[in-house]
Each structure stands twice: as structure tokens, then as C-alpha cells.
Amino acid sequence: MPDSAPGMEAIEVIYTAESIADRIAVLAEGIAALKLDRLLVVPILTGSFVFAGDLLRGLHRAGLAPEVDFLSVSSYRDGTKSVGKVDILRDLKLDVAGRNVLVIDDILDTGRTLAFAKDLIAARGAAQVVTCVLLDKKTRRAVAIEADYVAFECPPVFVVGYGMDLASRFRELPFVGRIVG
Ligand code: IMP
Ligand code: MG
């Protein structure tokens with residue numbers, strides 16, 4: 001169903017706010033069942049901030065009390081295409097050595113961003129690095145990586161909303177959709 005708020009292109013909803021909330025509750029229970037002590041949650045900014053906020057509260061409801069620190073990376077993209085280089089824009093403030101870390105990202109696409117973050121945190125001596133993404137575009141991988149927890153497998157289309165942007169727009173949408181007009 002296209003959403004046509006004023007000043008906005010038509011967006012076709014792919015994952016509703018309700019279906020996202022349902023998946024988050026399931027993921028949070030699964031992560032809680034790992035019984036990871038001293039859990040540190042690391043959202044990869046910027047695209048994961050909405051998902052991470054909801055998943056964090058889901059983890060609380062599942063009985064966890066994690067700490068949170070943010071990693072901001074730029075995976076260079078030419079428009080909507082990844083060009084392969086990943087840089088740290090904002091590093092973690094906390095020491096990950098010996099800790100269990102849950103890395104959260106919005107989309108697993110070529111895999112470069114998640115692989116970079118996972119390798120970085122492992123190289124700093126984390127006890128365990130668990131990964132969770134909202135969307136997995138399985139057919140687009142350039143590096144071999146799978147996420148431990150995935151909310152939805154996603155078709156290979158460019159999506160926006162629920163934190164994800166096109167040129168800094170559409171992050172505020174409560175659902176995931178694609179631009180159709
Ligand atoms: P990867 O490094 O190619 O796996 O890209 C992952 C990053 O690219 C994600 O963290 C997103 O920020 C961004 N990205 C990939 N696909 C999309 C999309 O369809 N919409 C918005 N951002 C995307
Ligand atoms: Mg991102």
C-alpha cells in the first residue's frame with residue numbers, strides 16, 4: 001500500500017512496523033538464550049539506529065541489561081552501489097577486550113560493512129562477536145559473511161525507512177519500503 005505523506009514520493013511498504021516488532025521480539029529471545037555475560041551492544045551508525053533502539057528494548061524485555069556503544073563507518077557508495085572501501089568515522093569509546101559483543105546493522109548487502117566491524121572487534125580481543133541485521137540481501141554478497149540473527153531476508157532492491165535512507169531522507173518512516181514513484 002503506497003504511503004503518500006505530503007512532500008514525499010510514494011513508498012511501497014515491504015515490512016510493516018508490526019511485522020518488524022514481531023521479529024524483534026523473537027530475535028531478542030534468541031539472543032537472550034545465548035546467556036552472554038557482560039554483553040556490549042554495538043549498533044553500526046547511521047542506518048541501524050532505529051532497529052538498534054527497538055532491539056535494545058526487546059533485549060531488556062527478554063531480561064538482558066547490555067551496555068551500548070556506537071561504531072560509525074562509511075562504506076563508500078556511488079549512489080546506491082557499494083564501491084568497496086570501509087572507513088571508521090566514529091570509533092567505539094569502550095574497550096571490547098574479553099567482552100561479548102552484539103554488532104547490529106540495518107542491512108547485510110555486499111557484507112563489507114559487517115565483516116569490517118566484526119573483524120575490528122574480534123581483533124581487539126572480544127570474547128565473542130555475535131551479529132544481528134534487520135535485512136539480509138543474500139544474493140549480493142562480495143565477501144563471505146552471514147549474520148547470526150536476521151529479521152528478514154530481503155529482495156535485492158534499494159529500501160528506505162526504519163532508519164535507512166536515500167540521500168539522508170526517509171529514515172523517519174516506521175516501516176521498511178521502497179520508492180515506487
Ligand atoms: P554492505 O557493506 O554492502 O553490506 O552494505 C551495508 C550498508 O549499506 C548498510 O549498513 C546500509 O547502510 C547500506 N545499504 C545497503 N543496501 C541499502 C538499501 O537498500 N537501503 C539503504 N541503505 C543500504
Ligand atoms: Mg549502514
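Candidates are the residues of region 146-181 that are in contact with a Cys (Cβ under 7 Å, 6 or more places away or on another chain) and open to solvent by 40 Å² or more (accessible area, probe 1.4 Å); the one that is farthest from LYS118 (Cα to Cα) is TYR149. Pairing each residue of region 161-181 that is of a type in the set (Lys, Arg) with any residue that is open to solvent by less than 20 Å² (accessible area, probe 1.4 Å) and in a loop (DSSP other than H, G, I, E, B), provided the two are 6+ apart or on different chains, yields C-beta distances under 7 Å for ARG171/GLY163; ARG178/VAL159.
Do you know which residues across region 127-164 are of a type outside the set (A, V, I, L, M, F, W, C) and in contact with a Gly (Cβ under 7 Å, 6 or more places away or on another chain)? Step through it out loud before you land on a result.
Kept after step one, since they are of a type outside the set (A, V, I, L, M, F, W, C), are these residues of region 127-164: 128, 131, 136-141, 146, 148-149, 153, 155-156, 161-163.
Residues satisfying the conditions are ARG141, TYR149, GLY161, GLY163.
Looking only at region 130-145, residues that are open to solvent by less than 30 Å² (accessible area, probe 1.4 Å) and under 18 Å from SER75 (Cβ atoms) come to 8 in all. Sub-6 Å Cβ pairs linking a first residue in region 131-146 that is within 21 Å of ILE14 (Cβ to Cβ) and touching a residue at least 40 places away in the same chain (Cβ under 8 Å) to a second residue that is assigned to a loop (DSSP other than H, G, I, E, B) and among the polar types (S, T, N, Q), at least 6 apart or interchain, number zero. Here SER82 does not fit the description of being surrounded by fewer than 15 Cβ atoms within 10 Å (Cβ to Cβ), within 16 Å of ligand 2 (Cβ to nearest atom) and either outside any strand (DSSP E or B) or modelled with pLDDT under 95 (or both). Among residues of region 122-181 being of a type in the set (Phe, Trp, Tyr) and at positive phi, the one that is nearest to the chain's Cα centre (by Cα) is TYR162.
Filtering region 31-68 to residues that are open to solvent by 40 Å² or more (accessible area, probe 1.4 Å), touching a Pro at 6+ places or on another chain (Cβ under 9 Å) and farther than 18 Å from ALA151 by Cβ leaves ARG38, VAL68.
Among the criteria (1) in contact with a strand residue (DSSP E or B) (Cβ under 8 Å, 6 or more places away or on another chain); (2) assigned to a helix (DSSP H, G or I); (3) free of Cβ contacts under 8 Å to residues at least 24 places away in the same chain, the one SER74 does not fulfil is (2).
The values are calculated or read from the model by the stated rules, or taken from the named source; none is laboratory data. What you are looking at is a predicted structure, and each value in this text was computed from that prediction instead of being measured. Cβ: placed from backbone, ideal geometry, glycine included. Neighbour counts: every protein chain shown. Heavy atoms of the whole protein, side chains included, go into the accessibility calculation; ligands, DNA and RNA do not. Shrake-Rupley method; radii C 1.70, N 1.55, O 1.52, S 1.80 Å.
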